[in-house]
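Visitor: Please find one structure pasted underneath; my questions will follow.
Readers should treat all values here as calculations from the given coordinates under stated rules, not as data from a laboratory. None of the values given here were measured: they were computed from a predicted structure. For neighbour counting, all protein chains shown are included, and Cβ atoms are generated from backbone atoms with ideal geometry for every residue, glycine included.
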Amino acid sequence: MSIVADLVKDIPLPRMVSVSQKFDETQLEDVGGVLEQQLNQANILELIKPGMKIAIAVGSRGVDKISEITRITVKVLKEAGAEPFIVPSMGSHGGASAEGQREVLRHLGVTEESVGAPIHSSMDVIEIGKLPNGLPVYVDTLASQADGIVVINRVKPHTAFRGPIESGLMKMLSIGLGKQKGAETCHQLGFKHMAEHVPAMARIILEKLPVLFGVATVENPFDKVFKLRVVLAKDIETVEIELQREAKQRIPRLFFDQIDVLVVDEIGKNISGDGMDPNVIGRYPTPYAHGGPDVTKIVVLDLTNETEGNANGIGSADFTTAYCVKKVDYQKIYANGLTSTVVSPTKIPTTLDNDRQAIQAAIKTSNILDFTKVRLVRIKNTLDVGRLEVSENMLAEVRKNPNLEVVGEPYDFSFNGEGNIICL
């Protein structure tokens, strides 16, 4: 037995209980129908002229219905006589390469076949202006040459800064369409200034390029479309501020103010740009965002298959597993860190041999007097918090909360011969 294994072998593990969390599940039932209806409004159609080449900016996040939303946008533009094409708009994601960004879209279900339009992926950009402080504003070259630009994105709270404009259509313009170079520039002076730089850069793009409209969604706590708005370019900033307020009311959360140990089964770029959403776990990569529970120690067990080794955000955890670390693609996570200028999320946490040891190590270092009374919560990932597990000693608190419901009886962690959790 190794020294580390010996240090944690006697740390007790609590019995666990399955708990469901109740959120407002209201969602837009006919997303495609609502979108098509809004796109066919006269004030939208009058912008489209036959033969126009229109770049549709599509990003890298797991936006609900993104393939359907893109497909219907393409369909309506074609019916109006335009020639739409897709431009991957995701800053440095996809390994900051043209083929990598095309591959990210494929993982999201956005292919030339599924949406009915060609995908033109390039990392080439042009400078179209400067902020008063001298920061240049870059835009994808192909999009800049189009007769019109359409942006599609979900509006939601950012994970590293706070402001009236955070993540949404304006960020898609300033960072997404800016590709790696534009994203790097926007981040250059740090997240302290992002609430100012994101809208400022987007305003220059709106002023100088033929942005036609945006398609914005707000999702419910289960990441299903709750609201959809087609917004004229001149109204994007005003409407996004309104949608951002609504999005902040609908983000998923954990209904516990304090947690000793949070176990996260998987993280990935398909879950959050930060691997696991800081708005859920209460840990942020910068001091310019806040909210969520007070968590003493976090354990990340694995990466999603879809993230393909991009473990950005793993540095927010305290402990992880050897099998998780073996999957890490350092080129991908370092590209994210070097572009955003925030490198703490790309660091590798203390690594244990297996799940059991990682959880025991977190309990051992959680700064509590009695390890048998640890407040431990386990979630699959930060997109899936409708069902979670809590330690048995939290049952009284669960029963007092109208947003929580106990599901079944207490049970012990179950591990296989290698010390990894057997899924329930």
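Visitor: With only alpha-carbon atoms in the gyration tensor, what are the semi-axes of the equivalent ellipsoid for the range 22-90, in Å, largest first?
Guide: Numbers: eigenvalues 124, 54, 13 Å².
Values for the range 22-90, descending: 25, 16, 8 Å.
Visitor: Arranged from highest to lowest average of other beta-carbon atoms within 10 Å per residue, in what order do the peptides 164-171, 216-223 appear?
Guide: 164-171, 216-223
Visitor: Further question on the same structure: What angle do you read, to the nearest 10 degrees and between 0 and 90, between the alpha-carbon axis of helix 355-364 and the longest principal axis of the chain?
Guide: Orientation of helix 355-364: about 70 degrees from the principal axis.
Visitor: Would you mind checking the tilt of helix 194-208 against the longest principal axis of the Cα atoms of the chain, expressed as 0 to 90 degrees and rounded to 10?
Guide: Roughly 20 degrees, rounded to the nearest 10.
Visitor: Given 10 Å bins starting at zero, what is the percent of C-alpha pairs of the range 142-243 in each, up to the one with the largest pair distance?
Guide: 16, 50, 30, 4
Visitor: Also, quick follow-up: So what is log10(I(q)/I(0)) for the range 218-367 at q = 0.11, 0.15 1/Å, when the Debye sum runs over its Cα atoms only?
Guide: Calculated log10 I(q)/I(0) at the listed q: -0.48, -0.83.
Visitor: Per 10 Å bin from zero, what fraction in whole % of the C-alpha pairs of the range 99-179 is there, up to the bin with the longest pair?
Guide: With a bin width of 10 Å, the distribution comes to 15, 41, 36, 8, 0.
Visitor: Still on this structure, please answer the following. What is the magnitude of the charge dipole of the range 325-384 about its Cα centre, with +1 placed on the Cβ of each Lys and Arg, -1 on the Cβ of each Asp and Glu, and no other charges, expressed in debye to the nearest 20?
Guide: It comes to approximately 80 debye.
Visitor: Using just the alpha carbons, could you tell me how many Å³ per residue the convex hull of the range 314-354 encloses?
Guide: Convex hull of Cα atoms, per residue: 46 Å³.
Visitor: What percent of all Cα-Cα pairs in the range 31-248 falls in each 10 Å bin, counting up from 0?
Guide: Going out from 0 Å in 10 Å bins, the range 31-248 shows 9, 38, 40, 13, 1 percent.
Visitor: Evaluate the relative contact order of the chain (contact order divided by residue number), counting alpha-carbon pairs under 8 angstrom at least 6 apart; express in whole percent.
Guide: RCO, the chain: 20 percent.
Visitor: Let me spell out the model: positive unit charges on the Cβ of Lys and Arg, negative unit charges on the Cβ of Asp and Glu, origin at the Cα centre of the chain. What dipole size does that give, in debye rounded to 20?
Guide: 700 debye
Visitor: Right, something else. What percent do you get for the relative contact order of the range 31-248 when only Cα pairs under 8 Å and 6+ apart count?
Guide: Relative contact order, the range 31-248: 22 percent.
Visitor: Taking only Cα atoms and a 10 Å spring cutoff, compute GNM fluctuations for the chain and point out the largest among Ala322, Ala55, Ala183.
Guide: Ala322
Visitor: May I pose another question? Taking the Cα centre of the range 65-165 as the origin and placing charges on Cβ (Lys, Arg +1; Asp, Glu -1), which of Gly94, Ala146, Ile126 is farthest toward the positive end of the dipole?
Guide: Result: Gly94.
Visitor: Over all directions, how big on average is the projection of the convex hull of the alpha-carbon atoms in the range 1-50, in square nanometres?
Guide: Working: hull surface 42.0 nm².
Its average projected convex-hull area is 10.5 nm².
Visitor: Sticking with this structure for a sec: Explain nothing, just the number: relative contact order of the range 265-394, from Cα pairs under 8 Å at least 6 residues apart, as a whole percent.
Guide: Contact order relative to length: 25 percent.
Visitor: Give the average over all directions of the projected area of the C-alpha convex hull of the chain, one decimal, in nm².
Guide: Over all viewing directions, the chain projects a mean Cα-hull area of 20.3 nm².
Visitor: Further question: Helix 236-248: angle to the longest alpha-carbon principal axis of the chain, degrees 0 to 90, nearest 10?
Guide: Helix 236-248 sits at roughly 20 degrees to that axis.
Visitor: Now a separate question. What residues have an amide H closer than 5 Å to that of Val211, excluding those fewer than 5 places away on the same chain, when H is modeled at 1.01 Å from N in the peptide plane?
Guide: Ile149
Visitor: Oh, and also: I'd like the Kirkwood hydrodynamic radius of the range 113-153, using the inverse of the mean 1/r over distinct C-alpha pairs, in Å.
Guide: About 12.3 Å, per the Kirkwood formula over Cα pairs.
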